[in-house]
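Here's a structure for you.
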Amino acid sequence: MDNQVCERGYKNRPLTDVQKAGNREKSRVRSRVEHIFGFMENSMNGMYIQCIGIKRATAIIGLMNLTYNLFRKIQLEAISGDNCVLR
């Protein structure tokens, strides 16, 4: 597995163009994922799952993902100008 941590420059030693390109690719994926987790943390009372059993935890996570997808659909429809929220 490749290193997914962004590299940083140091005093008198800036990043090379290859390192900058690598950081850009890593940041593109990372920012997309972190926005989703940030929404779940802030809007859905965190990501703490308090249940016993893998099946219940899987079901709760599935419902959280479904809720996020519904909120995202509403956001995208509002941006596109479609006034109908859910059909």
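Scan (1) under 13 Å from the mean Cα position of the chain (by Cα); (2) free of Cβ contacts under 8 Å to residues at least 24 places away in the same chain for the single condition Met40 breaks and write down its number.
The number of the failed condition is (2).
Of the conditions (1) loosely packed, with under 10 Cβ neighbours inside 10 Å; (2) modelled with pLDDT of 90 or more; (3) under 28 Å from Lys73 (Cα atoms), Arg13 clears all except one; give me its number.
(3)
What about Ile79, is it surrounded by 12 or more Cβ atoms within 10 Å (Cβ to Cβ), over 16 Å from the mean Cα position of the chain (by Cα) and part of a helix (DSSP H, G or I)?
Values: surrounded by 12 or more Cβ atoms within 10 Å (Cβ to Cβ): no; over 16 Å from the mean Cα position of the chain (by Cα): yes; part of a helix (DSSP H, G or I): yes.
Spelling it out, it is not the case that Ile79 is surrounded by 12 or more Cβ atoms within 10 Å (Cβ to Cβ), over 16 Å from the mean Cα position of the chain (by Cα) and part of a helix (DSSP H, G or I).
Next question. Quick check on region 16-27. Is at least one of its residues of a type in the set (A, V, I, L, M, F, W, C) and under 15 Å from the mean Cα position of the chain (by Cα)?
Of the residues in region 16-27, the ones of a type in the set (A, V, I, L, M, F, W, C) are 18, 21.
Filter once more, so that each one left must be under 15 Å from the mean Cα position of the chain (by Cα): none.
Scanning region 16-27 turns up no residue that is of a type in the set (A, V, I, L, M, F, W, C) and under 15 Å from the mean Cα position of the chain (by Cα).
Any residue at all in region 20-37 that's touching a residue at least 12 places away in the same chain (Cβ under 8 Å) and within 17 Å of Phe71 (Cβ to Cβ)?
Yes, that holds for at least one residue.
Suppose we keep only residues that are in a helix (DSSP H, G or I) and among the hydroxyl-bearing types (Ser, Thr, Tyr) within region 24-50. Which one would you say is surrounded by the fewest Cβ atoms within 10 Å (Cβ to Cβ)? Full working, then the answer.
The first filter runs over region 24-50 and keeps only residues in a helix (DSSP H, G or I), leaving 24-43.
From what is left, the residues that are among the hydroxyl-bearing types (Ser, Thr, Tyr) are 27, 31, 43.
Working: Ser27: 12, Ser31: 9, Ser43: 11.
Out of the qualifying residues, it is Ser31.
The values are calculated or read from the model by the stated rules, or taken from the named source; none is laboratory data. The model shown is predicted, which means the values in this text are computed figures rather than measured ones. Cβ atoms come from the backbone with ideal geometry, glycine included; neighbour counts cover every protein chain shown.
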